[in-house]
Amino acid sequence: IIQGTTHQSYIASIVQEVKRLNYDGVIMDLEGANSTTPSIGQYFATFNQKVWAALKPLHKEYGIALIHKLNDHDDYYGINGFEDWRLLGHAADFLVIMALDQSYFTPGPTVSIPWLKQLLAYTLQTMPQMLPHIVWELPFYGATWRLENGNWVFNSGINDKVAQNLIANIPAAQIDQTTSNMNDATSVHITYTDSSGIQRTVWYPSGKNLVNIITQFRQILKQTPQFQHSQLAVGFWYR
């Protein structure tokens, strides 16, 4: 990132590739930068501004994919701290907010309406002018956890088909009905004990869940002055 702000070759190679294949534009999806590097937020914004400026004469769209963030220093600061939303809101034509992987430390949905409202609130706090130019990226997958020594531990992601097959083959006697809900409006979830005696839980958004989330979130956005006369843009990430 730092070298990209001073070495034109970093940007030239991107522009060259856009020209070679006549792309419509570029999305900068950089993840995992060291958030403790001094001034990394400013460096990253400067790099994006330079790429954006290089693409403008070609009339190509430029976007930045943003790791979800609820405040300036949230639980995921280790991976999202290098992204300063206030600065990045002035460094692209559009933004993609990765509204996925909501839950990790404890079992829960990969996306939910309350969480989207928090993401929206932080967006309005840091870059309200970009609200009409945001693609909200939602997950086409869920996640699983297992209980170890009394604590839930993240196990893996799981797609809809695998989750459905898994749940269909769990004997009813092994399911904890008090913490399971196959008819939840926004995220199917089930807690069960496997054949080895290990307690596990699965959360995933079904197609119906995603329709409900998009419908509700659209209504929330319409109540926001900055979103007036705009259309909700949604993308999906499949794992």
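The values are calculated or read from the model by the stated rules, or taken from the named source; none is laboratory data. Given the structure is predicted, the values throughout are model-derived calculations rather than measurements. Glycine gets a Cβ as well: all are built from the backbone with ideal geometry, and neighbour counts include every protein chain shown. In case anyone asks, the SASA skips ligands and DNA or RNA and just uses the protein heavy atoms, side chains included. Shrake-Rupley method; radii C 1.70, N 1.55, O 1.52, S 1.80 Å.
Pick out which of Leu100, Leu131, Leu58 has the largest mean-square fluctuation in a Gaussian network model of the chain, springs linking Cα atoms closer than 10 Å. Most flexible of the set in this elastic network: Leu58.
Around the Cα centre of the chain, unit charges on the Cβ atoms of Lys, Arg, Asp and Glu (plus for the first two, minus for the last two) sum to a dipole of about 500 debye.
Taking only C-alpha pairs under 8 Å that are 6+ residues apart, what is the relative contact order of the chain in percent?
Values: 406 pairs, mean separation 39.4, N = 239.
Value for the chain: 16 percent.
Look at the dipole of the chain built from charges on Cβ: of Tyr10, Trp237, Tyr62, the Cα furthest out on the positive end belongs to Tyr62. If I build a Gaussian network model for the chain, linking alpha-carbon pairs within less than 10 angstrom, which residue out of Ala185, Ala92, Ala65 has the largest mean-square fluctuation? In the Gaussian network model the winner is Ala185. When its C-alpha radius of gyration is set against 2.2 N^0.38 Å (N residues), the range 62-147 gives a value of 1.10. In a Debye calculation with equal point scatterers on the alpha-carbon sites of the chain and no solvent, what is log10 I(q)/I(0) at q = 0.07, 0.12, 0.14 Å⁻¹? For the requested q values the scattering log ratios are -0.29, -0.77, -0.97.
Net length available on complete extension from Arg20 to Asn34 is 1.9 nm, with 0.36 nm assigned per residue and the Cα-Cα distance removed.
Ordered by 1.4 Å accessible area with all protein chains kept, Tyr62, Tyr23, Tyr76 run largest first as Tyr23, Tyr76, Tyr62. Normalised by 2.2 N^0.38 Å, where N is the number of residues, the alpha-carbon radius of gyration of the range 1-143 equals 1.08.
Can you give the local net charge around Gln118? Use residues other than it whose beta-carbon is closer than 11 angstrom to its beta-carbon, Lys and Arg +1, Asp and Glu -1. In short, +1.
The dipole here belongs to the range 111-239: it is taken about the Cα centre, uses +1 on the Cβ of Lys and Arg and -1 on the Cβ of Asp and Glu, and is about 300 debye.
Note on the chain: GNM, Cα springs under 10 Å; of Pro107, Pro225, Pro128, the largest mean-square fluctuation is that of Pro225. So how far, in whole Å, is the C-alpha centre of the range 187-211 from the one of the range 1-61? Measuring centre to centre over Cα atoms gives 40 Å.
Taking the C-alpha atoms only, the angle from helix 40-55 to the longest principal axis of the chain is near 60 degrees. Considering only the Cα atoms of the range 167-239, their convex hull presents on average a projected area of 6.8 nm².
For the chain, what is the calculated [θ] at 222 nm in deg cm²/dmol (nearest 500), taking -39500 (n - 2.57) for each run of four or more DSSP H residues and dividing by its residue count?
-10000 deg cm²/dmol
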